[in-house]
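Rule-based calculations on the coordinates, nothing more; no lab input. Quick caveat, the model's predicted, so the values are computed rather than measured. Glycine gets a Cβ as well: all are built from the backbone with ideal geometry, and neighbour counts include every protein chain shown.
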Amino acid sequence: MKIIDVTGTIENGMWEYGPPYPKVAIEQVCSVDDEPTIANYKVNAFRIALSTSSGTYIHAPAELIKGAPPIDQIPVDRFVREAAVLRFPRKKQPAEPITLQELRASKVEVKPGDAVIVQTGWEKMWNQPNFVTDSPYFSEEALDWILAKDISLLAGDLTVYDNFKQPTGRVTRIFQQGVLVLAPLVNLFRISRDRVKLIALPLKVKGASGCSCRAIVIEE
């Protein structure tokens, strides 16, 4: 069995989506070098401020759909999925769409209820200035093809699934269909199989539309 951590590291100064999302802020509030604090122990403790779209995260349909269940009401089995891994023969360029032809050419079977993991190579731009604004994205035809497969979760190394500079609103259709969104992933190049198990567990935050998570891929 091979376990691959596909979660990006959360740290101060990392990439961000910009307002209204706050920047990640991690602050040490006490140290083992300080005076005893909790039950007379010296402890390392931290204050962490995150948005619902910090690092690698999962969004529930409540992200865009009024009245949809928030992340704490999503059944936990939705975060543990068999996954189809779709790769392309070359890495995607900045702001380049994923096409229907590329998805079909992968020739990987996508089953109803699957998660789909799309590997574009964009993870190499993590923490670069244009990581968000120049992310590859799904063309309308490509997204139609994926959603027609009746999937449960859509994941990838992208920061946006629509054209960031000329958005069309097509991402709303993902959530209207009840599909969860997991992004952006790293270390996808380490996956060697076309079908794997994906586990991505967000914090159980009451009423939140999404949350950062720890995501792993298991090859058996």
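Taking other residues whose beta carbon is less than 11 angstrom from the beta carbon of residue 151, and scoring Lys, Arg as +1 and Asp, Glu as -1, yields 0. Each Lys and Arg contributes +1 and each Asp and Glu -1, all at the Cβ; summed about the Cα centre of the chain, the dipole is approximately 400 debye. Among 180, 154, 100, the largest mean-square fluctuation in a Gaussian network model of the chain, built with springs joining Cα atoms closer than 10 Å, belongs to 100. Compared with the direct C-alpha span, the chain from residue 93 to residue 25 gains 21.4 nm at full extension, assuming 0.36 nm per residue. Assuming a ≥ b ≥ c are the square roots of the Cα gyration tensor eigenvalues, decide whether segment 60-175 counts as rounded (a/c under 1.5), prolate (otherwise, with a/b larger than b/c) or oblate. Here segment 60-175 falls in the oblate category.
Summing Cβ point charges (Lys, Arg +1; Asp, Glu -1) relative to the Cα centre of segment 127-192 gives a dipole of roughly 140 debye.
Residue 121 sits among other residues whose Cβ lies under 10 Å from its own Cβ, and their net charge, with Lys and Arg +1 and Asp and Glu -1, is +3.
Across segment 122-167, the volume of the C-alpha convex hull divided among the residues equals 67 Å³ per residue. Highest mobility in the GNM of the chain, judged by mean-square fluctuation with C-alpha springs under 10 Å and restricted to 170, 104, 90, is found for 90. In terms of the Cα gyration tensor, with a ≥ b ≥ c the square roots of its eigenvalues, is segment 1-46 rounded because a/c is under 1.5, prolate because a/b exceeds b/c, or oblate? Note, shape of segment 1-46 comes out oblate. For the chain, modelled as a GNM whose springs connect Cα atoms under 10 angstrom apart, the maximal fluctuation among 202, 36, 20 occurs at 36. Value of Rg to Rh for segment 112-201, rounded to two decimals, is 0.95; Kirkwood radius and Rg both from alpha-carbon coordinates.
Between the C-alpha center of segment 196-220 and that of segment 145-164 there is a gap of 16 Å. Among rounded, prolate and oblate, which fits segment 1-103 when a ≥ b ≥ c are the square roots of the eigenvalues of its C-alpha gyration tensor, a/c under 1.5 means rounded, and a/b larger than b/c means prolate? Verdict is prolate for segment 1-103. A compact globular protein would have a Cα radius of gyration near 2.2 N^0.38 Å; the ratio found for the chain is 1.07.
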